[in-house]
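Here the structure comes first, spelled out in structure tokens, and everything after it is commentary.
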Amino acid sequence: MSYNAMQIGVYGLFGYQVASLLNTKFGWDLPWWLPIIVCIAIVGILGVNRVDLSAKVLGVLVALEFLVVIVYDISAFVVAPEGVSGQALSPSALFVPGIGAVFAFGIAAFMGFEGAAIYGEEAKDPKRTVARATYTAVAVIALFYALSSWAMTIASGPSKVIKDSTEQGPNLIFSFLESNVGVLISDIAQVLFITSLFASLVSFHNAVARYFFSLGREGVLPSWLARVRTHSRAPWAGSLTQTVLALVVIAAFAIASVGWVPPKGAPAILFPVLTLFSWLTNTGALGLVLLMAIVSFAVVGFFRRSSHGLGVWQRVVAPVVSGIGLTVVFILIVVYFNTLLTSDPTAPPSATTFLLPAIVILAGVVGIAWGYILKRRNPRVYAQIGHGTEEQNAPEL
């Protein structure tokens, strides 16, 4: 449920960015949902044919994205209309009303680092290389995000950054590059931003399709979800299910956008960013924080049976500290979830304030209940959960 929310939510940012770029450069006034429909079709075709973006292609794109952001960071510190100030980095700027919203969005930005574990079977020394890759990724991303976020406050000035970001949304960086570095660099940055969103959508889609496939193969969900294509071995049923879910949600938001009144100071074009993207990605982040907290405590239970040659730090101390920390973050996200929806810590809660967190929490409760039912009624299926079977035994198309 959480990964579905993340994947579909990113479509909102993709649709806004593509429509905004085409309008700015060519004067095409396209509805935000039209590029999304095209993108869903492309992602769906890639999904049912098991076409992944190669590591080399992604490596080149990521390198170029890093380079453009570094250019932006340097330019921000050079222009600095209000001077270089550390105001945004002070603790008082973090511990403010709505801190849970900050945690939710920050954690959503890091989602994907946990994916390194799935490559354990392909690594020569998974215990060492996977851990190193994960820690390195988190460290690099954290430093890069911190520097670039600080640069954003310097580029506009601490007194204006909130106003500018409210009015310009994701275009804040691109308008700065256009004014201070050059139109060409700004255009390249926008194209790279769109390609990075597309790569993210493909990645999340494949992950969700794989979850559907695995759960169907193991008998947790209907078995037809485990169907694969003969020539490509692509989990076409899981892929198609995710595509249909995305289309339904996008259609609902497209209908809801008619007559939508934006928050004060925000243009109407930001609808998919302020609703679809913000609501669903942060809902997904909430669910994944809860999941990671539960897994952290589960680690302690797992190692109670056997130490597997690990020390007390890995078996008890680290997972307990992580579990407690993630639980606190989860509570803060729930308490301040309304801020994510309204951008106003003082705004009264609405129905969505309770509905969106309930979606992922209820999914977890239903999953636990279904697990107990399987354990009692079908212990063979229950014992197989998480172990899987040989993929060649999956139904084919």
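The values are calculated or read from the model by the stated rules, or taken from the named source; none is laboratory data. Note that the coordinates shown come from a computational prediction; the quantities given were computed from them, not determined experimentally. Note that we place each Cβ from the backbone using ideal geometry, even for glycine, and neighbour counts take in every protein chain shown. Calculation scope for accessible area: heavy atoms of the full protein, side chains included, ligands and nucleic acids excluded. Shrake-Rupley method; radii C 1.70, N 1.55, O 1.52, S 1.80 Å.
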Mean separation of Cα pairs under 8 Å and 6+ residues apart, divided by the residue count of the chain: what relative contact order is that in percent?
28 percent
State in Å² the accessible area per residue of the chain; use a 1.4 Å probe, count heavy atoms of protein chains only, and round to the nearest integer.
54 Å²
Within the chain, longest stretch clear of exposed chymotrypsin sites (Phe, Trp or Tyr not before Pro) (DSSP loop, no more than 16 other Cβ within 10 Å):
96-259
How large, in percent, is the carbon and sulfur part of the accessible surface of region 1-146 at a probe radius of 1.4 Å?
71 percent
Checking the a/c ratio against 1.5 first, then a/b against b/c, what shape does the Cα gyration tensor give for region 1-114?
prolate
Report the paramagnetic label zone for Glu114: residues of region 10-30 whose backbone N is under 20 Å from a point 7 Å from Cα along the Cα-to-Cβ axis.
10-11
Value of relative contact order over region 294-382, rounded to a whole percent, pairs C-alpha under 8 Å and six or more apart:
18 percent
Before rounding to the nearest 500, sum -39500 (n - 2.57) across all DSSP H runs of length at least 4 in the chain and divide by the residue total; then give [θ] at 222 nm in deg cm²/dmol.
-23000 deg cm²/dmol
Sparse-neighbour loop sites [trypsin sites (Lys or Arg not before Pro); region 167-268; at most 13 other C-beta within 10 Å; DSSP]:
Arg233, Lys264
In µm²/s, what is D for the chain at 10 °C and 1.306 mPa s, where D = kT/(6 pi eta Rh) by Stokes-Einstein and Rh is the Kirkwood radius from Cα pairs?
69 µm²/s
Quick one: plug the Kirkwood hydrodynamic radius of region 240-347 (C-alpha pairs) into Stokes-Einstein at 20 °C, 1.002 mPa s, and report D in µm²/s.
127 µm²/s
Please report, ordered by residue number, every helix of the chain (full DSSP H runs) that is 24 Å or longer along its axis going by C-alpha atoms and whose mean Kyte-Doolittle hydropathy reaches 1.6.
55-79, 236-256, 318-335
Carbon-plus-sulfur fraction of the accessible area of region 226-313, 1.4 Å probe, in percent?
73 percent
Can you list the trypsin sites (Lys or Arg not before Pro) in region 104-186 that are in a DSSP coil and have 16 or fewer other beta carbons within 10 angstrom?
Lys124, Lys160
In percent, how large is the relative contact order of region 225-351, given Cα pairs closer than 8 Å and 6 or more residues apart?
19 percent
